[in-house]
Every structure is written in structure tokens, then in C-alpha cells.
Amino acid sequence: MRIEPIRAAGGRPAHIRHDDDLIAAKGVSVVMARQLVLQNIDLAIPKGSFVSLIGPSGCGKSTLLKVLAGLVNPTSGSVSIAGLSPVEAARKRMIGLVFQDANLLPWKNAVDNASMLLGIADKSLSRAELRARGQEMLELVGLGDSAHKRPNELSGGMRQRVAIARALALDPAVLLMDEPFGALDAITRDSMGQSLLEIWQRTGKTIVLVTHSIDEAIHLSRHVHVLGIKPGRITESLDIGLPYPRDLSVTEDPEFVRLVVQLRTMLRASHQPGGAS
Amino acid sequence: MSDQPFTNLSEPRLASNWAAATSSWLPAVILLLATIAAWEAVVRIFAISAFIIPAPSEIAQSLVAQWATLMQATLVTAGEILFGFLVSVVVGVAIALVIVRFDWLGRALYPLVVLFQNVPKVALAPIFILWFGYGLAPKIGLILVIAFFPVTLSMLAGMQSVDRSLLSLMNSVGASPTQILFRIRVPHSLPNLMAGTKIAATLSVIGAIVGEFAGASDGLGYVIQFASTQLDTALVFAALLLVSVLGIAFYYAAEILERIVVPWAPKFSQA
């Protein structure tokens, strides 16, 4: 079956699969409460890339992320992560999840929170091994000296760092992040984004980021997919050609500014309901 | 002292600390003392008979005169309260765990628990006496049926208010329902459970007294009932005072327990 390609702005069509694709979604549609939430999503995410999903509220970008994570079953279509179903991939600790709320356990300190999921996923690890792994991950996210603090002693940004450490402790192939910095102030948000870039470059993880922020999407990602509403679908895809490593000074680059304008235009168009297709 | 200027430096701060500390409880103490004084005055001025309203001084005299009897009764009642309270917490927690862990059983059990809550449980006291006799058992039974419900309800509320995305995280790594229950839901419910436990502590006092009213040969409830048949109203009030002291003691014991069990709860994190 041939599907009309959605032409990426500066590169290959978004859905065409390569051997190095880690995640491939084919014809994914999701119906919830008689509403078509996602329509015929084709998405290929190359191994080691940093991909953002951006779109207006209600476009189903969070639902798409949940489909990739195996938390929502698509009504039709399929998703494969390195040849496995998302649920199988999650059981093999290939998926790390980070949500807008850090969801730390208030009765555990940072290091025990960081290793909590790993402890459930791998029952063979001793308490000392879990602690060591948690500590290692806290150091990776820049919280090495806060290991014994409880969540109520940490700032919002620090809590989100622990949540990232908790996801990374599983050593997943892909990090799926649903507006992880959405509840943080602008300055914290910038520094969290920069830290995430550094973590990405150090670990070589594949990262899929759901975001509302145009600047964040361009600052961090290699590819941006724009989702439209009614029904949720990928309307445009944009390759971000800015070279890595990037820091916050990239936001002053003329190319960055041009991409912001281009992405904003795409987003505006995505607010128009798509109707039947 | 004018020749010791430096020692005065800290005094204003000390004084204001003391003022801040006393100003929080001083109004309540003043009102209490004023009420007692007014009570004493009214009873004396209008020469009200001691078996209708005894003066505070008469209650104090009765307290001193009957001290040994009252202390013995207090110990008996305190034992009933403590035992009944512990049984209520254990049973209340067990019911909550069963409701959450076993979905089918929970759907069968929960409506019945709520239905049972509407039974006027004080009215069960005579039946319990009939079934269990005059000893400790009917009091424990009565405390249990009165006090388990806030424990169950508060723990259920805590276990069911776990954030969905946290459950998603757990499910994604293949956590079993039992793991989610004991690693997430139960610890998450502890602040709620401790709040329910404080209510249960207060209700346990009521349960014990009602149980003793219905049939007992000992305890403060028995003293109250016996003294009222003798028209010894001062002794009734003296026993009531001790019941109140027991209630306050159990409430604060539960509060101290709360601080030990859930030091991480939002309520204490600011301290």
C-alpha cells in the first residue's frame, strides 16, 4: 500500500524507513471516546536522533508519545521499536519515560528515586548496586551532591533532573519525554534544555520530546514534526540543520531566527482543522 | 542594670519570643479559667444543688477523695481504648488493602462497608453484651465497629489518589499489581491513613465509654453510670474530666505517631 509521502521541509519524507530507524510508526490511528485523536501517523525516528513533536493543544502529541511508549494501543496501524512492539520494548527496559510532573516518591531520597524503576525492572540487583547506579545517574544529570535530599527539599528543576536520572537508570535506547520542562520557569527551562542536550550527546540516546515551545524544539532537536488538530496528524516536518554541539547562543543565530519564523508559520497552519483526508 | 549594658541586648528578643509563644495559648487559658470562675460563682450565688450542677471545687474534692478508684477505672478504660484502637487500625487497613488489591472482592465489599456505616452502632452495644458478655470483648467489638471506618476510608482515598503517570511509569517496566500496591500505593496512603487514625483514636474513646455504659463492672463509663444512679454528680464530672484527658492523650499520641511515620508529608516539610 502506498501512502502519499508527507514531504519534510529540508530532507527526506518523514515516514520513509531507513535501516538505522529505531522507531517506526506506520498508519497509526487512535480513536478514544468516539473521537479520532490520531489519524494515519507515519513516523520514522532514526537511532540516536533528537526529535521533537510540536503542535497545538489537543493535537494528540501526548497520545502519540503514549502510543510509542506502549501505554496506549493504536486502534489501527503499528509501531515497532527496534523490531519489537512498544510493550515488549518497555519490558526490555528500552524505553525511558519522563512526564511534565516529576512524580517522585516523597518518602524516598533522590538516589533511591533515581533507582526505583530499575529496581522493579531488574530484581536481581542488590540495594547497593541500585544505589551505585542511582548515584551515577544523579551525577550525569548534575545532582551528584543532592543524593540524600528528599523531593520536598529539591526545586522543580532539580526534581525533573531526578526524573530524567530515573529514566536513564534503565539504560533505555529511547527517552520519551512529554513536556518535561512545561512547569518550569523560563530560565530553569533553558538550562534544563541545555543539560538535556549534553546528556544526549554523552549517552547517545534517542530522544523524542513533546513540547509546546518553538524555541525549545529548535534549540534541541535535529528533526521537528508538527502535528495539526482535528484530527491529530503530522502536517509538516522540519529538519534543524544547526550544527551540534549547540548552546544557548544558538538562539541568536540568523538560521535559528529563520527556523523560528518557519516553524511558527507551520504551527499557525496546523491550528486549522484538517477535515477528511 | 545600667552598668551591664550588653546583657540587655538579647532581652527584647527573648521577651518577644515568650510573648509570641504565650499569645497563641494565653487567650484559651484565660477563657477556660474565666469559665471555671463563673461556674463556681453561679453555683454558689444561686445555691444550686450539688447533684444538679456541682461547683468546680466540689468536682476537685471528689476527684481527690475518689482518686484511687478513679485511677483504677481510668487504667481499665485506657486499656480498652488502646486495644480496641489497635484492632480497629489493623482491621481497617486490612479491609482497605483487600478492596484495592482484589478488584472483584473490593466491588463486593465496599458497598457493604458503606452500608454498615449507616447502622447506628451505639445501638449495637446491648447486642454485643448479649453475645460477648460483660468482659473486654464487647468493648473491643464496639470500638472496632465505630472506629475502623475512618481508617479504611482514609487509606482507600490515599491509595486511590496515586498519580496516573506514576502508574504508567510502573506499568511500563512491568511492575506487578502487588508491587504497585506495596511500593507505591501503601506508602502514598500513609499521610491519609494517619489522619484517619487520629479520628479513630477519638472514636475509640467514645466506643469504650458506650461499651461500659451498656454493661460493665469497671472503667470510667461504669463509674459515670454508677455515680449518676447515686446522684453523685460531682463524681460523674470528675470521671468525665478523666475521659476527656484520655481522649486528648490518645489524640496527641496519634499525632506523635504521625510525625514518626510520615515525616516527609507536606504538612511537616516546612518545619
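Nothing in this text is a laboratory measurement; each read-out follows from the coordinates by a stated rule. Computed from a prediction, not measured in an experiment: that's the story for all the values here. No Cβ is skipped: glycine too gets one built from the backbone with ideal geometry, and neighbour counts run over all protein chains shown.
Out of the residues in the range A:84-124 that are in a loop (DSSP other than H, G, I, E, B) and in contact with a strand residue (DSSP E or B) (Cβ under 9 Å, 6 or more places away or on another chain), state the one that is nearest to the other protein chains (Cβ to nearest Cβ). Give the steps one after another, and end with the answer.
First, the residues of the range A:84-124 that are in a loop (DSSP other than H, G, I, E, B): A:85, A:92-94, A:99-109, A:122-124.
Adding the requirement that they be in contact with a strand residue (DSSP E or B) (Cβ under 9 Å, 6 or more places away or on another chain) leaves A:85, A:92, A:94, A:99-100.
Working: A:85: 13, A:92: 10, A:94: 10, A:99: 4, A:100: 8 Å.
Restricting to residues being in a loop (DSSP other than H, G, I, E, B) and in contact with a strand residue (DSSP E or B) (Cβ under 9 Å, 6 or more places away or on another chain), the top hit is A:99.
Could you tell me whether the range B:215-229 includes any residue that is exposed (fewer than 14 other Cβ atoms within 10 Å of the Cβ), more than 14 Å from every other protein chain (Cβ to nearest Cβ), out of contact with any helix residue (DSSP H, G or I) (no Cβ under 9 Å at 6 or more places or on another chain) and in contact (Cβ under 8 Å) with a residue 40 or more places away in the chain? Show your work before the answer.
First pass over the range B:215-229, keeping only residues exposed (fewer than 14 other Cβ atoms within 10 Å of the Cβ): B:217, B:229.
Among the residues that remain, those that are also more than 14 Å from every other protein chain (Cβ to nearest Cβ) are: B:217, B:229.
Next, only the ones that are out of contact with any helix residue (DSSP H, G or I) (no Cβ under 9 Å at 6 or more places or on another chain) stay: B:217, B:229.
Those still in the list that are in contact (Cβ under 8 Å) with a residue 40 or more places away in the chain too: B:217.
For the range B:215-229, residues exposed (fewer than 14 other Cβ atoms within 10 Å of the Cβ), more than 14 Å from every other protein chain (Cβ to nearest Cβ), out of contact with any helix residue (DSSP H, G or I) (no Cβ under 9 Å at 6 or more places or on another chain) and in contact (Cβ under 8 Å) with a residue 40 or more places away in the chain: present.
Among B:119, B:87, which is the only one that is of a type in the set (Val, Ile, Thr), away from every other protein chain (no Cβ under 14 Å) and over 30 Å from residue B:259 (Cβ atoms)? Lay out the reasoning, then the answer.
On the way: B:87 fails: over 30 Å from residue B:259 (Cβ atoms).
Going through B:119, B:87 in turn, just one is of a type in the set (Val, Ile, Thr), away from every other protein chain (no Cβ under 14 Å) and over 30 Å from residue B:259 (Cβ atoms): B:119.
Restricting to helices (runs of 4 or more DSSP H) lying wholly in the range B:87-201: which have 3 or more residues that are among the polar types (S, T, N, Q)? Spell out the reasoning first.
Values: elements: B:103-117, B:125-132, B:136-160, B:164-172.
Answer list for the range B:87-201: B:136-160, B:164-172.
Scan the range A:251-275 residue by residue and report those that are farther than 24 Å from residue A:191 by Cβ and hydrophobic (A, V, I, L, M, F, W, C).
Within the range A:251-275, A:261, A:266, A:267, A:269 qualify.
Restricting the search to the range A:27-61, which residues are farther than 27 Å from residue A:205 by Cβ and assigned to a loop (DSSP other than H, G, I, E, B)?
Answer for the range A:27-61, where residues must be farther than 27 Å from residue A:205 by Cβ and assigned to a loop (DSSP other than H, G, I, E, B): A:33, A:34, A:56, A:57, A:58.
Determine the pairs where a residue that is more than 13 Å from chain B (Cβ to nearest Cβ) and outside any helix (DSSP H, G or I), located within the range A:62-76, has a partner that is among the β-branched types (Val, Ile, Thr) and surrounded by 20 or more Cβ atoms within 10 Å (Cβ to Cβ) with Cβ atoms under 6 Å apart, the partner being 6 or more residues away or on another chain.
Within 6 Å, the pairs are A:74/A:28; A:74/A:30; A:74/A:67; A:75/A:30.
Filter the range A:167-207 down to residues that are acidic (Asp, Glu) and not in a helix (DSSP H, G or I) and give me whichever is nearest to residue B:175 (Cα to Cα).
Among residues in the range A:167-207 that are acidic (Asp, Glu) and not in a helix (DSSP H, G or I), the one nearest to residue B:175 (Cα to Cα) is A:171.
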